[in-house]
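The values are calculated or read from the model by the stated rules, or taken from the named source; none is laboratory data. Everything numeric in this text was worked out from a predicted model, so none of it was measured. Here the Cβ positions follow ideal geometry from the backbone for every residue, glycine too, while neighbour counts run over all protein chains shown. What goes into the accessible areas is simple: the full protein's heavy atoms, side chains included, and nothing from ligands, DNA or RNA. Shrake-Rupley method; radii C 1.70, N 1.55, O 1.52, S 1.80 Å.
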Amino acid sequence: MSIGAGATTTLNTNQVYNYSSIDINATGTLAFTGANGAALINCSGDATIAGTIELRNLVTTAFSAYTSNKDSLMSGSAYTAVTYNAGGAGGTAGGVAGNGGTGGTSTTASGTPGTGGAGGTSGSKNGGNGEGGNSTTGGGGGGGGYGDGNGTAGATTANTNGGAGGAADATSTGPGAGGGGGGGGLTTGNGGAGGAGGATTSVSGGENGGIGGNGGASGASGGNGGNGGQGGACTRTVSGIGGNGGAAYATGGTGGAGGGASDDGQGAAGGVGGNSSHGTGGVGGTGGNTVNGNIAGVGGAGGNGRIGGAGGTGGNPGSSGANGAAGGAGGNGTSGSTCLAMYVKGDLTISATVTASGGNGGKGGNGGNGFGAGAGGAGGAGGSGGDGADIIILCKGTLTNTATITNTGGNGGTGGTGGNGGDTNSTTIGKSNGQNGTNGRQGRDGRKIVASITNL
């Protein structure tokens, strides 16, 4: 195997590669991808390895194996699955069961590529799905659902970015309509934002605010996920939850804020931040506030990524004696991915940079503040740090080793700060500040063995 200057060679995991010699230039890259297994290389001759060995691209369950003398070989855990190019699901009307369908892929769109979906008309309260990008343009956004009037059409796109989902009709005397999903990006394009859910003025149980549309995913080789749409407000029922942020190559989309309540209704949870394969997970959406209600919405969880996204802040209630809502959990740091097992029968000169460290967990969201004699909401837990992967490189000949190998476990995220208690002048018991969230788990360091042996 020879990898020249500036070139990248990608091999599959769970497959043994046999080479007579290996030569990797100082600006070359050897990467691995696959659904499961370890990175396995056997070289019958000499090897000169400079450049970069990238082991963090794998999406799989944890792998482990044992050698004949019972040594273990472990990959990391806490992987993040990201589907690129996909349009976000449209939000559903409040109280109406069912989820929006999936968007298209990089080759097959779920509608006319690049064209925004029409807004909902009478009888169509669910938001439309965002379209996936095709080989030319990003996907169009889905149309918003019908409330007391038509929803807004999704945005059309003529480039690699996904179009934004249309907002639902702003008001409804019945269930609030759902926002349209954002379109999926193409190649390095960004996903489109989800449309906002519609509000409801209904006082009937189950007729809630509309759910925000989900953000579209980025393209497969770059770009950020679209932000989730805000949930629709309510008066005396339950507001709509925020749409989820879109998954991404770079930064995951931010979860939409949960809808608020203008009377004595309940606030809704913020949407979940989008996952990221190569960057930072999206921030969780903020929980919805209330005016007279005593239940505010909790913050959404942060997305997973090489750095976990922060959890969303809990909502604030507006009723005397009501407690603040809890903050969302921080996203997990992804692991160092697969382990590497390499054997060189001849001489080995290695000066490569090997990257297999776990990502850091995201910070937990802060709790909402209490009202009156109410206590502050609890802070969200910090995300777990990802595990580092094991690196085992052995040769039978002469070893010259100046490699830089990073396979440490990621740091756990800091727990969110508890919300402030309510009016300190109140004599009613229950005005304490909320508990701080727990810190996330520290990731496990991978083993690192680079050695010359003579007994093989």
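Ordering Asp46, Asp387 by how much accessible area each has at a 1.4 Å probe, largest first, what is the list?
Largest to smallest exposure gives the sequence Asp46, Asp387.
How many Å² of accessible area per residue for region 231-355, probe 1.4 Å?
Accessible area per residue: 27 Å².
For Cys395, what residues show an amide H to amide H distance below 5 Å, using hydrogens built from the backbone and excluding near sequence neighbours?
Answer set, sorted by chain and number: Val344, Ala451, Ser452, Ile453.
Hey, can you grab everything whose amide H is under 5 Å from the amide H of Ala31? Only 5+ residues off in sequence or another chain; H modelled, so Pro and N-termini drop out.
When sequence neighbours closer than 5 places are left aside, the close amide H contacts are Thr9, Thr10, Leu11, Glu54.
Would you mind counting up the charge near Thr334? Only other residues with Cβ under 10 Å from its Cβ, with Lys and Arg at +1 and Asp and Glu at -1.
+1
Please give the per residue volume of the convex hull enclosing the alpha carbon atoms of region 200-317, rounded to a whole number of Å³.
Looking at region 200-317, the number lands at 60 Å³ per residue.
Distance from the Cα centre of region 218-243 to that of region 135-198, in angstrom?
If you average the Cα positions of each part, the centres end up 11 Å apart.
Long-range amide H contacts for Ile405: which residues qualify at under 5 Å (H placed 1.01 Å from N, peptide plane, sequence gap of 5 or more or a different chain)?
Val354
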